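Working notes for the structure below.
The values are calculated or read from the model by the stated rules, or taken from the named source; none is laboratory data. Predicted model only: the values in this text are computed from it and were never measured. Please note: Cβ atoms are built from the backbone with ideal geometry, for glycine as well, and neighbour counts cover all protein chains shown. Heads up: the accessible areas ignore ligands, DNA and RNA and are worked out on the full protein's heavy atoms, side chains in. Shrake-Rupley method; radii C 1.70, N 1.55, O 1.52, S 1.80 Å.
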Amino acid sequence: MKKILKCYVYLLIIILVGCHAETKKETNKTTIEYTFEAEIDSLIDLMTLEEKIGQMNQYNGFWDATGPVPKSDELAALKYEHLKKGLVGSMLNIKGVKQVKALQKIAVEETRLGIPLIFGFDVIHGYKTIGPIPLAEAASWDLEVIKKAAQNAAEETAASGINWTFAPMVDISRDARWGRVMEGAGEDPYLGSKIGVARVKGFQGDDLASPKTIAACAKHFAAYGFAEAGRDYNTADIGTSTLYNVVFPPFKAVTEAGVRTFMNSFNLLNDIPATGNEFLQRGVLKKEWNFNGFIVSDWGSIAEMIPHGYAKDIKHAAELAANAGSDMDMESSAYVAELANLVKEGKVDEKLIDDAAKRILGVKFELGLFDDPYRYCNEENEKNIVGKKEFHEDALDIAKKSIVLLKNENNLLPLQKEKQKIAVIGALANDKTSPLGSWRLAGDDGTAVSVLEGLQQYKENTLTYAKGADVVTQDSKVDFVFELKLNERDTSGFSEAVKVAKASDVVIMVLGEHGYQSGEARSRINIDLPGVQQDLLEAIYKVNKNIVLVLTNGRPLAITWADKHIPAIVEVWQLGVQNGNAIAQVLYGDYNPSGKLPMTFPRSVGQIPIYYNYKNTGRPYGENSDVVFWSHYSDESNRPLYPFGHGLSYTTFSYKNLKINTLAERKIIVSLDVTNTGTVKGKEVSQLYIQDKVASLARPVRELKGFEMVELESKETKTIEFTLTEKELGFYTNKGEFVIEPGEFNVFVGGSSNTTLSGEFILE
Ligand code: NOJ
C-alpha cells in the first residue's frame, strides 16, 4: 500500500512538474505565489497533519561520523524513528555524499510519501576550500569576486550532497566585541545589502535545480548583531528607525534578490524573542516583503524562549513560534512533539501548518529534489569537484583583494625582493590552521598556507623565524577553553625573537587572534592583541623599528599603540587556504592592495559602539569644543583609529572636479575625476556619501550611497559617475514608512568615509 501511494505521489508530481508552466496561473489559490503551486497543493492534500509537521522538523546529524550508521544513543534512536515515519523534513550537519545518500534513501524509500529531505550546512566561507572570512571578503568591496566565491562554495557544497547553506549572515554590527562580526559584511547597511545580494546570487545562481547551486539563508532575523555589550545571544533593544534604516535593508535586499530561506535569531528584540516575533516574521518578512520561502529557527531558539521568560514550557514555545511564523524548528524538537496537539486544541490554526509546509516543500521542488532526490549525490562529482584547482585559484584572488593596507610610513612596503635580512616573528606566522578562521566545518586543520610558507617563496632574501610568544596556549581543537588560558603570560620566547630582530633589516610581525577567537560565542571585552603579543611587539620595537605588522584577526582590533609607533600595518584578517600566498604577494608588491575597511577600527574598546554613520549630538565637535561641555571623552578622542572605508595602496589617488547635476524625477548625477598620482598601477574603491541636512528624523552625518572600483595606470585619470535616485535619498520613518523629503543634501566623495571633497544639492 505504502509503495502504491508513493508511486502515485511521484507520478502526480512528474505530471504536474511537466505541465508546470501552464498550471501556474490557474492554481494560484493562496495569497503567496509559489513557483510549484499545483504540485505543492496536490502533495499537501495527501499529507496527514503529522506529516506536514514533520516537514517543519529539522534534526542535527544523528549519524556516525565514520559511516552511514545511526549512533546508538537514545536520542539518536528517536530521531531515526522519526525519520522513518516521515517526521523529519530536514537535517543539518551531515557531511558528504555517502551520508547524505544514506539518509535520503530512508526518507525516500521508507516513509509513506517518500518526501526528500533538504540538507543544511553552515557553508560560511567555503565548504572544503576555505576562503577569506566574510568580513575579509567584504573588505574587497568587489561584488564580482564575492559572488564568485559563493558560486564556488555552492558548487563544492552541492557536489558533497548538500543543498542548503545557512549563509549569508547579513547582520549589521557596530560592535567589534561581538565575535560574529567575522561572519558578516560589517557596519554599513548599503554595503551590507550589496554584498548580501552578491552572495545570494552566487549561492543560488539562476536555477536552483542546477547541481551547482544551493539554497541560501539570510540570517539572523533580526537585530542579532545589536547584542547589548557585544555579548553573543544578548538582548537587542533598538528603535524603529534603526531597525528599518540599518538592520532591515540587507534582509530586504536579499529578499528582493530571491533568497529562498531565512533564519531567525536567538536574541530578544525589544523584549520579544525574534523566534516568537510575529511582527518580524509574519508582518515584515512574509507580508510587507512578500517572502515566499521558509524561515528556519536558529539552533534550539524555540526552546530558548523558555529561559527568555517568554514561554512557560516547550509546548507554549512551539505555539508561540508557529503562530509567529517560524516555519522550521532547528533542534528544539518542539514542533514534532507538540504541534499536532496544539492544532487539535485550537491553539494553532492548521492553515498555518499548511502554509509552513508549503513553503518548505516549495523550496524542495525548486531544488529539483522531487525530480531526483539524489541529484546532489554523485560520488564521482564529489571526487572531481571538491577542492579543485580552480577553487584554490579563485580563493587566492579574493584573498589578495581582501587585504587592507592600514598604514605605510616612508613606503616601508612593498618589501625589497633581494639582499634583505628579514625576521618573521609571531606564532601566527607559522600557523596553518588559524588562517582558516571560525566557521569552517568541513575544512581541514592545517590546510592553510602559512605566512612563513608564503614568504619563503621569495628566495633572494634571508628569512629567520622566531615564534616570540603564543597567541593563546591551548590546542586549537579545544577551542572552548580560551577564556581560561588567556591570562597565562609566557614570555620565554621573547629573547630569541629580540635577537633575530636585532640582526635583521626588516621585521615582519604576524600578530592577532587565533582562528577560533572570533565567531559564534567568542565575544571579547578587550579587543587588543591577545596574550603577551603587545609586549612582544614593544620588545621588538626597542631593537628594530623597521616593523611591518601583519594583523590577522576576525574583528577590528584596537591597536592604538601600534598605529602610533609601527611604520607599516597590514590587515590580513583570516584569508583561508591561500592565506600565506596572498600575504606574501601583497608584502612584496606583486599585488597592489586595494581593500577598504567594512568596519570602523576603534582607538579603544570604550568607544564602542563606534561607526561612521552616527548622528550628530546637540553638542558636536565645533566652536565650543575648547570648553568641556560637548559630546566627547576626557581620556580619548572621539575619532576612530581607522575609519570605515579606509585603505591605502602602493600608489596614491586624488579626487577633483566634483560636479552635481540634478535631473528630472529626483535623479542626481555626481561625477568627478580620479587620478592615480603615484608611480605604480593601482585600484581604488571610490566612495560616495550623502547627508540629508534637515529631515523629520535626524539623519546620519554621512551615509554610503554608492561605490565604484577604478583601476588606473600611474598618472592616469578617469571620470566616474554615481547616480542617486529616490531609493538612495529616502529613509524610513518611525512608522516604518519610506519617505523622500525635499531639502538640502551634502555629498562627499573620496577614498574613505572621512573624505573632505564635498558638494551639495537641493532635492525638490
Ligand atoms: C547557530 C548559529 O547561530 C547559526 O548561525 C547556525 O547556522 C546554526 N547554529 C546551525 O549551525
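Odds and ends about this structure:
- Between THR240 and ILE740, the modelled labels are 2.2 nm apart [label points 7 Å from Cα along Cα→Cβ].
- TYR614/THR491 FRET efficiency (R0 35 Å; Cβ-Cβ; nearest 0.05): 0.30
- Stretched out straight at 0.36 nm per residue, the stretch from LYS287 to GLU721 would grow longer than its current Cα-Cα span by 152.6 nm.
- In the distance distribution for segment 392-586, Cα-Cα pairs more than 21 Å apart total 47 percent.
- For the residue pairs LYS287/LYS344; LYS421/LYS542; LYS148/LYS432, the C-alpha atoms sit more than 20 angstrom apart in LYS287/LYS344; LYS148/LYS432.
- Estimated FRET transfer efficiency (VAL701, ASP590; beta-carbon r; R0 51 Å; 0.05): 0.85
- Here segment 278-346 is treated as an ellipsoid with the same Cα gyration tensor; its semi-axes, largest first and in whole Å, are 20, 13, 11.
- In this rough spin-label picture, where each label sits 7 Å from Cα along the Cβ direction, the ASN657-GLU713 distance is 1.8 nm.
- Taken over segment 653-763, the percentage of Cα pairs per 5 Å bin, counting from 0 up to the bin with the maximum distance, is 2, 12, 22, 22, 16, 11, 7, 4, 2, 1, 0.
- Sites TYR374 and ASP444, calculated FRET efficiency, Cβ-Cβ separation with R0 30 Å, nearest 0.05: 0.70
- Over segment 479-609, the alpha carbon radius of gyration divided by the compact-protein estimate 2.2 N^0.38 Å works out to 1.08.
- Highest-first packing order for the peptide set 460-469, 171-180 is 171-180, 460-469, based on the mean count of other beta carbon atoms within 10 Å.
- If you take all other residues with their beta carbon under 14 Å from the beta carbon of LYS615, and give Lys and Arg +1 and Asp and Glu -1, the sum is +3.
- Student exercise, segment 392-586 dipole from Lys, Arg, Asp, Glu Cβ charges, in Debye to nearest 20: 540 debye
- Gained length - LYS502 relative to LYS693, 0.36 nm times residue gap less alpha-carbon distance: 63.3 nm
- Net charge in the neighbourhood of LYS98 (other residues with Cβ under 10 Å of its Cβ; Lys, Arg +1, Asp, Glu -1) is 0.
- Under 19 Å from the SER631 label point (7 Å along Cα→beta-carbon), backbone N, segment 187-218: 188-189
- Links that overshoot a 29 Å alpha carbon limit, given the list LYS128/LYS705; LYS85/LYS347; LYS219/LYS364; LYS71/LYS364: LYS128/LYS705
- The string of couplings for segment 660-670 from the Karplus curve (6.51, -1.76, 1.60, θ = phi - 60°) is 10, 10, 9, 10, 4, 6, 6, 9, 10, 10, 10 Hz, one whole number per residue in order, with x for Gly and Pro.
- Scaling against 2.2 N^0.38 Å puts the C-alpha radius of gyration of segment 2-383 at 0.93.
- Relative to the Cα centre, the charge distribution of the chain, modelled as +1 at Lys and Arg Cβ and -1 at Asp and Glu Cβ, gives a dipole magnitude of about 840 debye.
- Exceeding the 20 Å Cα-Cα cut-off - candidates LYS459/LYS681; LYS79/LYS286; LYS212/LYS388; LYS84/LYS351: LYS459/LYS681; LYS79/LYS286; LYS84/LYS351
- Rolling a 1.4 angstrom probe over the protein heavy atoms with all chains in place gives segment 2-383 an accessible area of 33 Å² per residue.
- With a simple spin-label model that places each label point 7 Å from the Cα along the Cα-to-Cβ direction, the separation between GLU350 and ALA521 comes to 4.0 nm.
- Carbon and sulfur %, accessible surface of the chain computed with the full protein complex present, 1.4 Å: 50 percent
- Packing around the peptides 600-608, 398-406, 709-717, taken as the average count of other Cβ atoms within 10 Å per residue, puts them in this order, highest first: 398-406, 600-608, 709-717.
- For the listed peptides 614-622, 437-445, a ranking on the average number of other beta carbons within 10 Å per residue, highest first, reads 437-445, 614-622.
- All C-alpha to C-alpha distances of the chain, sorted into 10 Å bins beginning at zero, yield P(r) values of 3, 14, 23, 25, 19, 11, 5, 1, 0 percent in whole numbers.
- About the centre of its Cα atoms, segment 644-731 shows a dipole size close to 200 debye [charges on the beta carbon of Lys, Arg (+1) and Asp, Glu (-1) only; nearest 20 debye].
- Selection from ALA136, PHE62, LEU452, by position along the positive dipole direction of the chain (Cβ): LEU452
- Estimated vicinal HN-Hα couplings, Hz - segment 317-334 in sequence order (Karplus 6.51, -1.76, 1.60; Gly, Pro = x): 4, 4, 4, 5, 5, 5, 5, 6, x, 6, 7, 10, 9, 8, 6, 9, 6, 7
- The length gained by stretching the chain between GLU623 and ALA209 to full extension, at 0.36 nm per residue less their Cα-Cα distance, is 142.9 nm.
- Between the C-alpha center of segment 391-456 and that of segment 564-632 there is a gap of 20 Å.
- For segment 647-723 versus segment 501-519, the spacing of their alpha-carbon centroids is 34 Å.
- In the chain, the DSSP-assigned H stretches of four residues or longer account for a calculated mean residue ellipticity at 222 nm of -8500 deg cm²/dmol, using -39500 (n - 2.57) per stretch and the full residue count as denominator.
- Size descriptors for segment 189-257, from the alpha-carbon set: Rg then Dmax equal 14.2, 43 Å.
- Over segment 223-380: Rg over Rh, Cα atoms, Kirkwood Rh: 1.00
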